[in-house]
Amino acid sequence: MADKLIIFDTTLRDGEQSPGASMTKDEKLRIARQLERLKVDVIEAGFAASSNGDFECVKAIAHAIKDSTICSLARANDRDISRAAEALKGGHSTRIHLFLATSALHMEKKLRMTPDQVFEQARLSTRFARNLSGDVEFSPEDGYRSDPDFLCRVLEAVINEGATTINVPDTVGYAIPELYGNFILNLRQRIPNADKAVWSVHCHNDLGMAVANSLAGVMIGGARQVECTINGLGERAGNCSLEEVVMAVKTRRDYFKLDLGIDTTQIVPISRLVAQTTGFVVQPNKAVVGANAFAHASGIHQDGVLKARDTYEIMRAEDVGWAANKIVLGKLSGRNAFKMRLTELGIQMESEAEINAAFAKFKELADRKSDIFDEDILALVMDESLTAEHEHYRFVALSQHSETGERPHASVTFAAGEVEHQAQSDGNGPVDASLKAIESKLATGAEMLLYSVNAITSGSTESQGEVTVRLQHGGRVVNGVGSDPDIVVASAKAYLSALNKLHSKIERVAAQG
C-alpha cells in the first residue's frame with residue numbers, strides 16, 4: 001500500500017494575502033465548493049479572529065462543505081483559538097491551525113519574547129486548542145530559520161499536548177530543496193514522539209523553489225502533507241503551487257509512490273475560477289494550467305506529438321481539465337439549460353433573483369457574441385454588477401470616439417449610490433480617456449499600479465476581454481476585474497470594480513504562516 005499524501009489548500013487564507021486579492025464571502029464559498037469538487041483534503045478557509053468578515057467566511061464554509069476538512073488559522077492565544085473554534089462549530093470535519101514564531105529573529109524583533117516564553121505559550125495554547133478540537137495543527141512560523149535544538153523542544157512539547165499535525169514553514173522562501181528535506185528529516189529523527197503527528201510542509205516561492213522544497217520535504221523529510229495554493233497564489237512571490245505538486249506526484253508515481261485523493265480533471269476549472277475571482281491572471285507558460293502548457297510551436301515537436309503524444313507530452317491535457325473549447329450555450333438557450341450549466345460548473349447561487357440576474361446578463365452577452373463558452377459563463381457570474389445592491393459604483397453606459405490623428409474622447413455614465421453621473425474626458429487612447437472621465441467626476445486620488453488585459457477564450461477576435469485594474473489608496477491595494485466583448489467597456493467596469501473595493505473599507509488582518 002502506498003502512503004497517502006494530504007493536500008492542504010490555503011488559497012482562501014494565505015493566497016488571499018496577495019495585495020488586492022481579498023474576496024467576498026460569496027466568492028470564497030464558490031471557490032471552496034470547487035475545491036471540494038477537486039477533492040482537496042483540507043481547506044484553510046481563513047483566519048477567523050482577524051475580522052468579522054473572515055469569521056463569517058470560515059463559518060459559512062464550515063457549514064457548506066462536507067467532503068473536505070475545514071481549517072481556520074489562529075495565533076497561539078486563547079482569544080484567537082476560541083474565535084476559530086466558534087467559527088468552525090457545527091462543521092462536518094474541522095481543524096484549528098495554530099502558529100507562533102520560533103526563529104531568533106522573529107522572537108526578538110517581532111514577538112519581543114524570550115525562547116522560554118515562546119515555548120510555554122506554544123505548549124499551553126496547543127493544550128487549550130486540543131480541548132476545543134480533536135484536530136490541531138501547529139506551525140512554528142519561520143521554522144526553517146529556527147534553531148533546531150529549540151525547535152525540537154517546542155515541537156516535542158506541542159505533540160505531547162495533542163497537536164495532530166506539525167507543519168514546518170519556510171515562511172520567507174529561504175530554503176534549498178536538499179537542505180530543507182534534511183532539516184525536516186533531522187527533526188523527525190530527533191523528536192521522540194514524532195510518529196504521533198502527521199508532518200507537513202509549507203513553502204514560499206521567493207527563490208522559485210517552493211514546489212521543489214515541498215517535494216524534498218516529502219521525499220527526504222518524510223512529510224505527508226503539503227500546504228499549497230491554486231496557481232501558486234500568495235503574498236510576495238507566492239506559495240507552493242497545488243497543481244504542480246499534484247501532477248508531479250501523479251506523473252512520477254514511479255518515484256514518489258504516493259496516493260492522492262485529488263480529482264485532477266478539476267484543476268483547470270479551479271485555476272480559472274481563482275484567476276477570474278482575484279484578478280491574478282495565470283502566465284501563459286505556467287506549468288499545468290498556463291495557456292501554453294500543452295502547446296507545441298516547434299515543427300519537430302508538432303510532428304512528434306502527432307505521431308505519438310508521449311514523445312513530448314508527459315501528461316494528458318484532458319487529465320487536468322483542458323479540453324477543446326466546447327460551445328455549451330447560445331442565444332436560443334433557455335433559462336433551465338443555463339441553470340443546469342451553472343450547476344455543472346460548480347456555481348451555486350444563493351437565490352432565484354441572482355440566477356435571474358445572471359441569465360439576463362447571459363442573454364445580453366449572447367446577443368453580442370454568438371458562441372458562449374464555459375469561460376464566458378464564469379466571467380459573467382464573477383461580474384460584480386450581478387450584486388449591484390452591494391455596490392456603490394455601477395457601470396451604466398459608455399461611448400467613445402477614436403481615430404488616427406485625433407485625440408480620443410470618451411463619455412461614461414455610471415451610478416454612485418442612487419445618483420447617476422455622466423463624465424467626459426480626452427485621453428491618450430479610448431481606455432485612458434474612459435478612466436480619466438470616471439476619475440474626473442469622483443476625484444478619488446487612487447494610484448493605478450496595474451492594468452492588464454486577458455482574452456477569456458482563445459481563437460477568436462469575438463472573445464470577451466477581461467481587464468484587471470489594481471489601485472492603491474491610503475495604504476490599501478485592491479484589484480478590480482471587468483469583462484466585456486468591448487475592451488474599453490471592460491476597462492471601465494474593472495476600474496469601477498476596484499473603486500468599489502476601496503469604498504467598501506473592508507479590512508484584512510494579514511497573518512504569516
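The values are calculated or read from the model by the stated rules, or taken from the named source; none is laboratory data. Since this is a predicted model, take the numbers as computed values, not measurements. Cβ placement follows ideal geometry from the backbone for every residue including glycine, while neighbour counts extend to all protein chains displayed.
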Top-ranked residue in the stretch 214-237 [being more than 20 Å from the chain's Cα centre (by Cα) and part of a helix (DSSP H, G or I); ranked as surrounded by the most Cβ atoms within 10 Å (Cβ to Cβ)]:
G217
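In the stretch 1-57, what count of residues is obtained for those that are part of a helix (DSSP H, G or I) and of a type outside the set (A, V, I, L, M)?
The number of residues fulfilling the criteria is 19.
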Can you find a residue that is of a type in the set (S, T, N, Q), closer than 22 Å to K28 by Cα, in contact with a helix residue (DSSP H, G or I) (Cβ under 9 Å, 6 or more places away or on another chain) and modelled with pLDDT of 95 or more anywhere in the stretch 203-211?
no
Every pair of residues 6+ apart whose Cβ atoms lie under 8 Å, when the first sits in the stretch 354-378 and is in contact (Cβ under 8 Å) with a residue 24 or more places away in the chain while the second is loosely packed, with under 15 Cβ neighbours inside 10 Å and of a type in the set (S, T, Y):
E354/T387; D371/S460
So D432 passes all but one of these: (1) among the charged types (D, E, K, R); (2) modelled with pLDDT of 90 or more; (3) exposed (fewer than 13 other Cβ atoms within 10 Å of the Cβ); (4) assigned to a helix (DSSP H, G or I). Which condition number does it fail?
(3)
Among the candidates L179, L207, L187, L215, which residue alone is of a type in the set (A, V, I, L, M, F, W, C) and free of Cβ contacts under 8 Å to residues at least 12 places away in the same chain?
L179
Among (1) in contact with an Asp or Glu (Cβ under 7 Å, 6 or more places away or on another chain); (2) within 28 Å of G238 (Cα to Cα), there is one condition F128 misses while meeting the rest; what is its number?
(2)
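Using the structure shown, decide if D371 is farther than 23 Å from R37 by Cβ and at pLDDT below 75.
Yes; evaluated as a whole, the condition is true for this residue.
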Identify the residue in the stretch 84-122 that is out of contact with any strand residue (DSSP E or B) (no Cβ under 7 Å at 6 or more places or on another chain) and buried (at least 18 other Cβ atoms within 10 Å of the Cβ) and, among all such residues, is farthest from P148 (Cα to Cα).
F119
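Residue-by-condition table, conditions (1) modelled with pLDDT of 90 or more; (2) surrounded by fewer than 24 Cβ atoms within 10 Å (Cβ to Cβ):
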site: S463; (1), (2): no, yes
site: V469; (1), (2): yes, no
site: Q472; (1), (2): yes, yes
site: R476; (1), (2): no, yes
site: D486; (1), (2): yes, yes
site: A490; (1), (2): yes, no
site: Y495; (1), (2): yes, no
Is it the case that some residue within the stretch 239-252 is among the charged types (D, E, K, R) and more than 16 Å from the chain's Cα centre (by Cα)?
yes
Tell me which of these S463 doesn't satisfy, since it passes every other one: (1) out of contact with any Leu (no Cβ under 9 Å at 6 or more places or on another chain); (2) more than 14 Å from S497 (Cβ to Cβ); (3) not in a loop (DSSP other than H, G, I, E, B).
(3)
Residue, nearest to the chain's Cα centre (by Cα), within the stretch 388-404, restricted to residues that are at pLDDT below 90 and loosely packed, with under 12 Cβ neighbours inside 10 Å
H390
Of the listed residues (S125, S72, S103), the one being of a type in the set (G, A, S) and closer than 20 Å to I184 by Cβ is S103
I'm checking my understanding of the structure. Among residues of the stretch 310-345 that are more than 32 Å from the chain's Cα centre (by Cα) and loosely packed, with under 14 Cβ neighbours inside 10 Å, which one is modelled with the highest pLDDT?
G334
Selection from the stretch 149-172 of residues on the phi > 0 side of the Ramachandran plot and surrounded by 21 or more Cβ atoms within 10 Å (Cβ to Cβ) yields none
